[in-house]
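Structure, as structure tokens:
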Amino acid sequence: PSSQGGIWASSDDTLYFTDANNRRINKLSPGGVLSTFVQLPTTPSGLIRKPDGGFYVRYNTGAIVSVSDAGEIRSFATVSGAQGSAIDPSGRMYVTTATQVRVLDTLGVSTVFKSGLTNAGGITVNVNGDVLVAEQQRNMVTTYDATGAVRYSVAGFSAPKDIVWDGTRFVFTD
């Protein structure tokens, strides 16, 4: 595979990951068998698991589609300039653009969660519903509560690009 834009591991250790060059989501079984889970119509740039099963796939165009566990694709929403995406336990999706975080409800209706950001990229949501956003130009990660109020910021990163909550700790890449 090449140019991955998202990866997810199931409870049985099956890996699902995007293959941008071949426009698909691949599935790698615990036994090492690689297969195509679903062929996509355009280049994927992000993949997140939905709480009720299936995936959301973000395309380079800003379009976001819902993919069922059976591989059925349906349109969900469009966020122009989408950079990163995360989902909270209730199923709301958070999407970063360069200057905003937008929140999409389970029907795909988008509203501004936070604005005034500088080169926002990676985003994740922890088990408490706090939203963490990596801002590359400010070299910091800021944690917001569910209302968008700042809980705290941590500076000193070197242009943090992505952030992931693995259930016990945060992993940052720059």
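Heavy atoms of the protein chains alone define the surface here; on that basis the chain has 49 Å² accessible area per residue at 1.4 Å probe size.
In the frame of its principal axes, the chain has Cα extents of 43, 31, 28 Å, reported largest first. Springs join every pair of Cα atoms under 10 Å in this Gaussian network model of the chain, and among 77, 146, 134 the largest mean-square fluctuation is at 146.
With all projection directions averaged, the alpha carbon convex hull of segment 35-123 covers 5.6 nm².
Taking K and R as +1 and D and E as -1, what net charge do the other residues with C-beta under 12 Å from the C-beta of residue 83 add up to?
Values: positive: 58, 102, 161; negative: 135, 162.
Result for the neighbourhood of residue 83: +1.
When all alpha carbon pairs of segment 86-150 are counted in 10 Å bins from zero, the resulting P(r) reads 24, 59, 17, 1 %. The stretch between residue 73 and residue 107 holds 10.7 nm of extra length on full extension. This uses 0.36 nm per residue minus the Cα-Cα distance.
Gain on full extension, evaluated as 0.36 nm per residue between residue 12 and residue 145 minus their Cα-Cα distance, stands at 44.7 nm.
The values are calculated or read from the model by the stated rules, or taken from the named source; none is laboratory data. In this text, all values refer to a predicted model and were calculated from it rather than measured experimentally. All Cβ positions, glycine included, derive from the backbone under ideal geometry; neighbour counts span all protein chains shown. These accessible areas exclude ligands, DNA and RNA; they are computed on the full protein's heavy atoms, side chains included. Shrake-Rupley method; radii C 1.70, N 1.55, O 1.52, S 1.80 Å.
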